[in-house]
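Step one of this worksheet: look at the structure below.
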Amino acid sequence: MGSPRREYLEDVAIIAGLIGMQFMYAGNSILVSYLMLTGFTPASLIILSSLATFVILLPFSVIFERRLWPRKFRLKLWVQLVLISFGGVTLFQSLFLKGISLTSPAMATAMPNIAPGFIFFIAWALRLEKVELGCIYSKAKIAGTLLCVAGAVIMSLAQSTLGSHKAREAHLSVPPPLSRNLFDERKIMGCFYLMAAVFVLSSTIILQATTLRDFPAPISLSTITTLIGVVLTGIAQLIQDGRIDIGWPLLSIKDIMCYSVLAGSISGACVTFNIWAMKKRGPVLVSIFSPIGTVVSLVFSVITLGSSITIGSLAGMSIMFTGLYCVLWAKRKEGFSENNNSSESEYDVEKPLLS
C-alpha cells in the first residue's frame, strides 16, 4: 500500500470518526437529559460516568504511556492535577448538567462552540497567546470571539423568549402584564450555567496545556484527573447535602450499570480518538467538526423530546458558528507561518494554545 493511499484512508477514518464522535456526544446529551428527568442528580451522573471512564482509560494509559510518566510527582504537579480535576470534572460537569436541566440538549451542545474564543481571551490575558493588534489574524480572532459570545447571547434570549411564549399560551385565562415574564428566567439561568461551564472548561484546558510540559501523557493525565474528580465530586456532595445521594432514580441497578459503562466508553473512546486525530491532523481540524454535534442534538431533541427551535435561535447559532470558524481560520493561517519558522515542542507553554 502506497503512502498516498494510506494517507487518504487515514483522512477518511479521521473524518468519519470525528463525525461519529459528534453523534455520540449528541446522543449522550439526550440521554443525560432523560436520566435527570428520572431522578438522577448531577453529582451522581458525574461520579458514575467518571468512574467508568477511569476504569476504561487506565489500561490504555499503562500500556501506551507508562514510559512518559514523571519519575517523581512533585507538589506543583499534584496541585495542578487537583485543579484540573476540580475544574474539568467536578465544577464543569456540575454547571453543565445543571444547564442541560434548565435548557435543552441542543443548547448544551451549542455552547461549547464558544470555548475557542474563551481560551483565546484567557490565554491572551495570561500572555500565553501572542496577539498583535496590527495583524489581520489577531483582529480576526478578536472579532470571531465577539461573534461567538454574541451568537450565544442571541441564542439564549431567543430560546428563553420561546419558553415564555409557550407559558403565556398555557395561561391565556389570566394573561400576565407585558412588562413581566418577557423572558423565561429559567432558561436564561440555564444559559448562564452553560456559559460558566464553558468558561471553566476553557480555563482548565489552558491549565492542562501547561501541565503537559511536566506530564506529557494526555491519556494518563485524563485518567488521573478523572479519578481525582470522582473523589472531589463525592466530597462536594457530602459537604453540600450531608450524604452521597443518586436521587432515587426510576431505573434498576442493571440500567444504572449499563449507563455507567456506556458513558465511560463514550468518554474514553472520544478522548483517545481526539488525541490520535489531533496528533495526526492538528486540533484545528478536530474543532471544525464540533458544530455537527449541535445540529445532530437539535434534530434528536425535536424528535425525542419534542423541543422547539426558533428563527432567532437559529440565527444566534449561525453567528456563533461564524465566529468559531473565524477564530479557527485565523489560527490556521498563523500556524502555517509558525510551523515554518519554529521547532517548538508539542507541549511548549509558549506555543499558542489554539494552534
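The table below lists the values:
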| read-out | value |
| --- | --- |
| Subset of segment 3-41 (residues that are in a helix (DSSP H, G or I), open to solvent by less than 40 Å² (accessible area, probe 1.4 Å) and not polar (S, T, N, Q)) | 14, 17, 18, 20, 21, 26, 27, 30, 32, 35, 36 |
| Residue that is farthest from residue 221 (Cα to Cα), among those in segment 70-93 that are among the aliphatic types (A, V, I, L, M) and open to solvent by less than 20 Å² (accessible area, probe 1.4 Å) | 89 |
| Subset of segment 236-255 that is within 16 Å of residue 52 (Cβ to Cβ) and among the aliphatic types (A, V, I, L, M) - its residue that is modelled with the highest pLDDT | 253 |
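For every residue, the table says whether it meets (1) under 19 Å from residue 274 (Cβ atoms); (2) open to solvent by 70 Å² or more (accessible area, probe 1.4 Å); (3) at pLDDT below 85; (4) within 18 Å of the chain's Cα centre (by Cα).
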position: 169; (1), (2), (3), (4): no, yes, yes, no
position: 184; (1), (2), (3), (4): no, no, yes, no
position: 187; (1), (2), (3), (4): no, no, yes, no
position: 196; (1), (2), (3), (4): no, no, no, yes
position: 202; (1), (2), (3), (4): yes, no, yes, yes
position: 206; (1), (2), (3), (4): yes, no, yes, yes
position: 228; (1), (2), (3), (4): no, no, no, no
position: 231; (1), (2), (3), (4): no, yes, no, no
position: 234; (1), (2), (3), (4): no, no, no, no
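The values are calculated or read from the model by the stated rules, or taken from the named source; none is laboratory data. Being a predicted model, the structure only gives us computed values, none of them experimental. Cβ coordinates were reconstructed from backbone atoms using ideal geometry, including for glycine residues, and neighbour counts include every protein chain displayed. Surface accessibility is based on the protein's heavy atoms, side chains included, excluding ligands, DNA and RNA. Shrake-Rupley method; radii C 1.70, N 1.55, O 1.52, S 1.80 Å.
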